[in-house]
Amino acid sequence: MPAESTPEPAIPGEPGTSAPRHRAKGRRRKTGGKRRKGLLITAWVAAGIVVLGGTGAGYLYFKLNGNIKSVDINQALGTDRPTKVDNGSENILVLGSDTRSGSNEKLGGGADDGSARSDTAMVVHIYEGHKKASVVSIPRDTLVERPSCTDAEGVTHDAASEVMFNSAYSTGGAACAVKTVESMSGIRMDHYIEVDFSGFQKLIDDLGGVKITTTQDIDDPDSHLKLKAGTHTLDGEQALGLVRTRHGVGDGSDLGRIQLQQAFVKALMNQVRGIGLLSNPAKLVELADTATNAVTTDSDLDSVKDLTSFASGLKGISSSKMTMVTMPVQYDPADANRVLVDEAKDKLVWNALKNDRAIPAAATEGTATGTAKDVVSAG
């Protein structure tokens, strides 16, 4: 590993350790039945493709600008936020949205009920110099204190205790998701990027698929994914199935699904860097069009010009210069399908990022983890 890259933290321990546990106060909130799983996209992949649009003709530039959807996080949240750290680093909240509307209804596997969930959430920390990054995955099933927040439509939502993390997005959209993450971490999110089911699937198809290798068979009827152990080039539908898979591999936990997602991110990054887009203008335009249609951003990234500037600062980060961890949690002794923040170790993670330092190995030692690590790797 290059000297400037962030050291990989130690492998998280098995569930059931004696690490400190925290239980939020208040009554347990009942959740609905089984929900379809979210999807995965990384800030640098989407933005890195979008940068291509800045090289095209004027009509293409305006077309791509028209594709981009945005939400004004700053206006919705006002001044009651963590102070921005001016040390050259950046923090991006990346969400996968499983709204059932439009073309997502078929992919989501459920009826359009007017709601959306953020079953995939990652905080991406870009270190000063923009040569390395750390990614912290936040389990959707984490019980948290959700702060009062005002959504993009100006509607205020009351605070709630001991609710699942992904309820923040389903309650108040992007603004409430950002405020919840900032409340949990004490870190200001500089940017927000969201992608949906259909956008993710089309992006993978436009890339020509993503090559991965599995060390065991995967068969998950919920995500409709069937793979034999071996090397595969996943199309968009299969890739979506992989990042949604929970019950078809490992112990069936959401933490195991996060391990699959993190492995897929690295394979996807390698794929994007290896296909020589700059020598293929037609492919460049196709991907830029798909990416801008797929993402919703904060208002500071809502133009091709802004995304181009942002992406230029990320293009030097390869998968070998990226550390990926899961936010430190422990299984809830009252409900095996929920996890609780391991507060002492959690502070180690967020304090490291706040000070632009590598996440210490101690932050993930003895925390709850899935059993899908190393099941998937880049092909």
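Quick notes
- Segment 203-300: C-alpha gyration tensor shape, a/c 1.5 cut-off, then a/b vs b/c: prolate
- Cross-link pairs exceeding 31 Å in C-alpha to C-alpha distance, out of 202/228; 132/228; 202/226, comprise 132/228.
- Solvent-accessible surface (1.4 angstrom probe) belonging to residue 217, in square angstrom, nearest 10: 80
- The calculated FRET efficiency for the pair residue 343 and residue 320, based on their C-beta separation and a Förster distance of 25 Å, comes to about 0.20.
- Efficiency of FRET from Cβ geometry, residue 235 and residue 361, R₀ 45 Å, rounded to 0.05: 0.75
- The accessible area of residue 289, taken with all protein chains in place and a 1.4 Å probe, comes to roughly 40 Å².
- Gyration tensor verdict on segment 119-229 (Cα atoms; rounded if a/c is under 1.5, prolate if a/b is larger than b/c, oblate otherwise): prolate
- Amide H contacts of residue 332 (H built 1.01 Å from N, under 5 Å, at least 5 apart or other chain): 338, 339, 340
- Modelled this way, with points 7 Å down the Cα-to-C-beta line, the labels at residue 273 and residue 145 are 4.0 nm from one another.
- Working from label points 7 Å from Cα in the Cα-to-Cβ sense, the residue 211 to residue 155 distance is 4.8 nm.
- 9 Å beta-carbon shell around residue 88, net charge (K/R +1, D/E -1): -4
- Once backbone amide H atoms are built at 1.01 Å from N, residue 152 has 175 as its partners under 5 Å, excluding neighbours fewer than 5 places away on the same chain.
- Fully extended contour minus Cα-Cα distance, from residue 72 to residue 85, at 0.36 nm per residue: 2.7 nm
- Distance between the C-alpha centres of segment 135-207 and segment 285-330: 16 Å, rounded to the whole angstrom.
- Here each label is just a point 7 Å from Cα along the line to Cβ, and for residue 228 and residue 305 those points are 5.5 nm apart.
- For residue 71, distant residues with modelled amide H under 5 Å away: 297, 298, 299
- Furthest towards positive pole of dipole, 353, 375, 341, structure part segment 335-379, Cβ charges: 353
- Taking every alpha-carbon pair under 8 Å whose residues sit at least 6 apart, segment 252-379 reaches a relative contact order of 40 percent.
- Rounded to whole numbers, the Karplus 3J(HN,Hα) couplings from phi for segment 159-165 are 5, 9, 9, 6, 10, 5, 4 Hz, using 6.51 cos²θ - 1.76 cosθ + 1.60 with θ = phi - 60°, and x at Gly and Pro.
- Table column - 3J(HN,Hα) (Hz), segment 89-95, Karplus curve with 6.51, -1.76, 1.60, x for Gly and Pro: 8, 9, 10, 10, 8, 10, 10
The values are calculated or read from the model by the stated rules, or taken from the named source; none is laboratory data. Source: prediction; values computed, not measured. All Cβ positions, even for glycine, are placed from backbone atoms using ideal geometry, and neighbour counts span all protein chains on display. Just the protein is used for accessible areas: all its heavy atoms, side chains included, with ligands, DNA and RNA removed. Shrake-Rupley method; radii C 1.70, N 1.55, O 1.52, S 1.80 Å.
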